[in-house]
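Remarks on the structure that follows.
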Amino acid sequence: MTQDALTGTFDCIIVGAGHGGCQTAAALRQAGFEGSIALIGAEPEVPYDRPSLSKEYLAGKKTFERMHLRPQDFWSSRNVELLLSARVVAVDPIAKTVTLENGARYSYGSLVWAAGGEPRKLSCPGSELPGIFYIRSKADCDALLGVLADVGKVAIIGGGYVGLEAAAVFRELGKDVVLVEALDRVLARVAGEPISRFYEREHRDHGVDIRLNSGVKAIVGHDSHVSGMLLESGQAIEADIVVVGIGIVPSAAPLLAAGAEGSNGVDVDEHCRTSLPHIYCVGDCAKLINGAGIRIESVQNATDQATTAAKAICGDYKAYDALPWFWSNQYDLKLQTVGLNVGYDAVVLRGEPASRSFSLVYLKNGAVIALDCVNSPRDYVQGRKLVEHAAKLSSDRLADTSKQLKELTLETN
């Protein structure tokens, strides 16, 4: 085989076998796309539901077979070729080819980049010691589950969703848990202070030792294995293992190296098109240059952007305008979020956190832009209309729990 020889040719190549990649393939077929499709996944497993890893799978409440995104025969029945354990290392937008780590080279008619992200790694001294775990893939979780039976003390770095969900699971399994957060509250990057303080209280009530304003100076070890960590304050924490949840780094290096515009992700327009011809990007590594200009890390965003890209490939250009939503399960609490609270300038507390069922409404220039709903599914469902209509209502009206939110939807602007 010469250097320029092709391993294969596909009308559409999708890089990434998570929610975004899988939905792209399904949506292409639903839209009548009859060309050949390849779905390239870096992991050896068939496409699966990644958010379950830090929740039901880690807790042993859901088997991997129940996490498959599609039935086993879905891909063959849709004539989608799965190329698993395959990682794209180069994109040539002129020749319209992708090169895999093993040297295989494929040409495409359209390319959809849905590679998601990799866990952000520790960089402090001791960060390479055995006994440090991340939760991003099935392999990550399996490695953690393989040692968990012999673990008594767990240290978690990061007070975001992944760190808190893992802390809840570990406490339910009877482990001693210390959670370290560099900022002054958990969920500081994604939620308002009332939500943060509520979850801090809940976790402390469940026995989690939360340390705020605490940077990690070093991971320390004994006999070449983690034995704890040293905080910037000089405090030492003993731990049998360290679990890290400090965000992700978008997996977009080959696309950016090929000339796609973007930083901390790949810039896309309202049709999920990148700056390179015939190349789209969806999911965790896509940054909408219209609107908020941010990356949205959620299943909903990945699947809705995938549908937008698939329709565009088929010539049906409909701008992405989906309303984002998210969720997090911790203990017997279900947090449901609708909308984006980016740039909020006021919040309204609806209900009492002490009741363990309440909502936080986010406002910007007087308009409702998002809600966080804790064990309050009715507010979550009904609040969606307020966000969609950018409803302008008084704080008193929003806080009045004697009125359902659906009764306020007509009181807009």
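The values are calculated or read from the model by the stated rules, or taken from the named source; none is laboratory data. Small disclaimer: the values here were computed from a predicted structure and weren't measured. Glycine gets a Cβ as well: all are built from the backbone with ideal geometry, and neighbour counts include every protein chain shown. Surface areas here come from the heavy atoms of the whole protein model, side chains and all, with no ligands, DNA or RNA. Shrake-Rupley method; radii C 1.70, N 1.55, O 1.52, S 1.80 Å.
Observations, loosely collected:
- Contacts under 9 angstrom Cβ, first residue in the range 138-157 being over 15 Å from residue 174 (Cβ atoms), partner polar (S, T, N, Q), 6 or more apart: 141/54
- Verdict on residue 220 being in contact (Cβ under 8 Å) with a residue 12 or more places away in the chain, of a type outside the set (S, T, N, Q) and touching a helix residue (DSSP H, G or I) at 6+ places or on another chain (Cβ under 7 Å): no
- When the range 267-285 is filtered for residues that are in contact (Cβ under 8 Å) with a residue 40 or more places away in the chain, part of a strand (DSSP E or B) and either polar (S, T, N, Q) or closer than 24 Å to residue 120 by Cβ (or both), only 281 remains.
- All positions within the range 240-290 that are open to solvent by 40 Å² or more (accessible area, probe 1.4 Å), hydrophobic (A, V, I, L, M, F, W, C) and either touching a Phe, Trp or Tyr at 6+ places or on another chain (Cβ under 8 Å) or under 23 Å from residue 17 (Cβ atoms) (or both): 249, 253, 256, 257
- Where a residue in the range 75-92 is in contact (Cβ under 8 Å) with a residue 60 or more places away in the chain and its partner, wherever it lies, is open to solvent by less than 70 Å² (accessible area, probe 1.4 Å) and assigned to a loop (DSSP other than H, G, I, E, B), with Cβ under 6 Å and at least six apart: 84/41; 91/258
- In the range 304-325, the residues that are of a type in the set (Ser, Thr, Tyr) reach residues that are in a helix (DSSP H, G or I) and open to solvent by less than 30 Å² (accessible area, probe 1.4 Å) with C-beta atoms within less than 6 angstrom, at least six apart or across chains, in these pairs: 307/27; 320/305; 320/308.
- Enumeration of residues in the range 92-138 that are at pLDDT below 95 and among the aliphatic types (A, V, I, L, M): 135
- Matching residues, the range 26-38, being within 15 Å of residue 303 (Cα to Cα) and in contact with a strand residue (DSSP E or B) (Cβ under 9 Å, 6 or more places away or on another chain): 26, 28, 29
- Considered as a group, the residues in the range 204-233 that are touching a Lys or Arg at 6+ places or on another chain (Cβ under 8 Å) and not in a strand (DSSP E or B) include one that is most open to solvent (accessible area, probe 1.4 Å), and that residue is 232.
- Wholly enclosed strands (runs of 3 or more DSSP E) of the range 59-171 bearing at least 2 residues aliphatic (A, V, I, L, M): 80-83, 88-92, 97-100, 105-113, 153-157
- Answer from 34, 56, 43 - the residue that is over 23 Å from residue 280 (Cβ atoms) and either among the acidic types (Asp, Glu) or open to solvent by 50 Å² or more (accessible area, probe 1.4 Å) (or both): 56
- Scanning the range 93-125 for residues that are surrounded by 15 or more Cβ atoms within 10 Å (Cβ to Cβ), within 18 Å of residue 10 (Cβ to Cβ) and either out of contact with any strand residue (DSSP E or B) (no Cβ under 7 Å at 6 or more places or on another chain) or β-branched (Val, Ile, Thr) (or both) yields 97, 98, 99, 104, 112.
- Where residue 240 falls short, out of the listed (1) acidic (Asp, Glu); (2) free of Cβ contacts under 8 Å to residues at least 40 places away in the same chain; (3) over 18 Å from residue 301 (Cα atoms): (2)
- Any hit, the range 184-191, residues being more than 21 Å from the chain's Cα centre (by Cα), open to solvent by 10 Å² or more (accessible area, probe 1.4 Å) and modelled with pLDDT of 95 or more: yes
- Failed condition for residue 311, given (1) open to solvent by 20 Å² or more (accessible area, probe 1.4 Å); (2) in a loop (DSSP other than H, G, I, E, B): (2)
- Matching entry among 256, 179, 231 (being under 23 Å from residue 132 (Cβ atoms), without any contact (Cβ under 8 Å) to a residue 40 or more places away in the chain and in contact with a strand residue (DSSP E or B) (Cβ under 8 Å, 6 or more places away or on another chain)): 179
- For residue 148, the test of being more than 23 Å from the chain's Cα centre (by Cα) and open to solvent by 30 Å² or more (accessible area, probe 1.4 Å) is failed.
- The residue of the range 325-372 that is nearest to residue 403 (Cα to Cα), among those that are surrounded by fewer than 18 Cβ atoms within 10 Å (Cβ to Cβ) and basic (Lys, Arg), is 356.
- The set of residues in the range 194-203 that are open to solvent by 10 Å² or more (accessible area, probe 1.4 Å) and under 18 Å from residue 339 (Cβ atoms) contains only 194.
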